1. Out of everything in the stretch 363-385 that is away from the ligand (no atom under 16 Å from the Cβ) and not in a helix (DSSP H, G or I), what residue ends up being most open to solvent (accessible area, probe 1.4 Å)?
2. Determine, yes or no, whether K117 is open to solvent by less than 10 Å² (accessible area, probe 1.4 Å) and out of contact with any strand residue (DSSP E or B) (no Cβ under 8 Å at 6 or more places or on another chain).
3. Please specify each residue of the stretch 31-42 satisfying the condition of being outside any loop (DSSP other than H, G, I, E, B) and surrounded by 12 or more Cβ atoms within 10 Å (Cβ to Cβ).
4. Go over the candidates A170, A203 one by one and state the one that is closer than 23 Å to G336 by Cβ, at pLDDT 95 or above and of a type in the set (A, V, I, L, M).
5. Against the condition outside any loop (DSSP other than H, G, I, E, B) and within 25 Å of T185 (Cβ to Cβ), how does L63 come out, does it pass?
6. Given the criteria in contact with a Cys (Cβ under 8 Å, 6 or more places away or on another chain), open to solvent by 10 Å² or more (accessible area, probe 1.4 Å), closer than 22 Å to E232 by Cα and away from the ligand (no atom under 16 Å from the Cβ), does A73 qualify?
7. In contact (Cβ under 8 Å) with a residue 12 or more places away in the chain, in contact with a Phe, Trp or Tyr (Cβ under 7 Å, 6 or more places away or on another chain) and not charged (D, E, K, R): does that describe I196?
8. Taking interchain pairs and intrachain pairs at least six residues apart, which have beta carbon atoms under 6 angstrom, with the first residue in the stretch 75-98 and under 21 Å from A170 (Cα atoms) and the second assigned to a strand (DSSP E or B) and near the ligand (Cβ under 9 Å from one of its atoms)?
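The values are calculated or read from the model by the stated rules, or taken from the named source; none is laboratory data. Computed from a predicted model, the values in this text were never measured in an experiment. Neighbour counts are summed over all protein chains in view; Cβ atoms, including those assigned to glycine, are modelled from backbone coordinates with ideal geometry. Only protein heavy atoms, including side chains, enter the accessible area calculation; ligands, DNA and RNA are left aside. Shrake-Rupley method; radii C 1.70, N 1.55, O 1.52, S 1.80 Å.
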Amino acid sequence: MDLSYIINILGEDEFGELNPVSPPIYQTSNFYFKSVDQFRKAISNEKENWIYSRGNNPTINLLCKKLAALEGAEDALVFASGMAAISGTILANIKTGDHIVSVRNPYSWTDTLMNRKILPGFGIEVSMIDGTNIQNIMAACRPNTKVIYLESPNSWTFEMQDLEAVGKFAREKGIITIIDNSYSTPLFQKPLSYGIDLVVHTASKYLGGHSDTVAGVCCGSSELIDKIFQNEFLTLGGIMSPMNAWLVLRGLRTLPLRMERVSRSTGQIVTFLSSHPKVKRIYYPYHPSHPQFELAKKQMSQGSGLFTVQVESEDIAAIEQFCNSLKYWRMAVSWGGFESLIIPSCTFVRPGLYTTLPANLIRFSVGLEDPKSLIGDLEKSFELL
Ligand SMILES: Cc1ncc(COP(=O)(O)O)c(C=O)c1O
């Protein structure tokens, strides 16, 4: 199935005789039956029938089909947020007494789930390791390790894991692998093709692409997805609304265009920054200065629009001035939307919290603006730093 077919055609002819070009938003909680027999048959398979929208809904189902096809997966589930997808997927694959091996510095709330809040309370142990070396992953696994959790690359320091090597090792050991693939989108990296079992995304970023929706997705084999659906998905109930599914579907129509533009603009901006005297270091997986550049080229087809800059100055007041004076780059959390954003680490790094990150980092998310305007804006503000 090619990309255009998935995005424009797949599943679109299932909405009755009116042939809408844009899919209807099935804003309904439930679906009625005209006979007890129909009702009985439907209820025997909640995943395949329209019964109740916590389980299945036509607008949501269309989105699942497209996302599964984009990842090259048999099936997908969508959730109320990326975190609902991540927590539901992890919880579905562990129980009390189990052990998880996770890469260090994953998305902050994933870290909270594993190390501070939910999992420790249920007697699940997590070893956080440097996943840039497969030996660390292998050495951390124990007889009770049930999940290896990856985020490649992660979203501040852009560390990567060798997906093929991890996939092969985990399959031999019978350990489930889960990856947060939000950075690359299914367009730039296809983890299932390297033997990873389950792929999660925050669809609030590039997949939705317009900063108007919070959403998440998990893709994998029918067997693994069905296991999540029958248990954590239906019982925890963190589902996506039909309206939000429609917004993500609309976002997907332009995903290839947006990703091309973002990747190209980011290349230009990173080139500009990498030779700037006020820049100490750039963390961008698709730049030759990245220690894992060769791995990035092996398993990702392109770099996306997120990168971090360490500025030369350690003067927080000057860094604040630089950030405050930018006109095109707005200051906000999140990333992957149409708008360019920055987040300086000095907004949240403080004694006792995130002390592994220096306070002179600025994370950039490149949007769809003219890269010349974005570079010009940076040039002007650098004069203040
Ligand atoms: C890499 C990554 N994964 C997961 C999430 C969580 O997604 P959501 O905000 O949709 O819950 C985020 C959010 O910023 C993220 O950056």
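1. Per the stated criteria, the residue is E383.
2. For K117, the condition - open to solvent by less than 10 Å² (accessible area, probe 1.4 Å) and out of contact with any strand residue (DSSP E or B) (no Cβ under 8 Å at 6 or more places or on another chain) - is not met.
3. Residues of the stretch 31-42 that are outside any loop (DSSP other than H, G, I, E, B), as a first pass: 36-42.
Result: Q38, F39, K41, A42.
4. Working: A170 fails: closer than 23 Å to G336 by Cβ.
From the options A170, A203, the qualifying one is A203.
5. Working: outside any loop (DSSP other than H, G, I, E, B): yes; within 25 Å of T185 (Cβ to Cβ): yes.
Answer is yes for this residue.
6. So A73 passes the test.
7. no
8. Note: pairs meeting the criteria are I86/V200; T89/V200.
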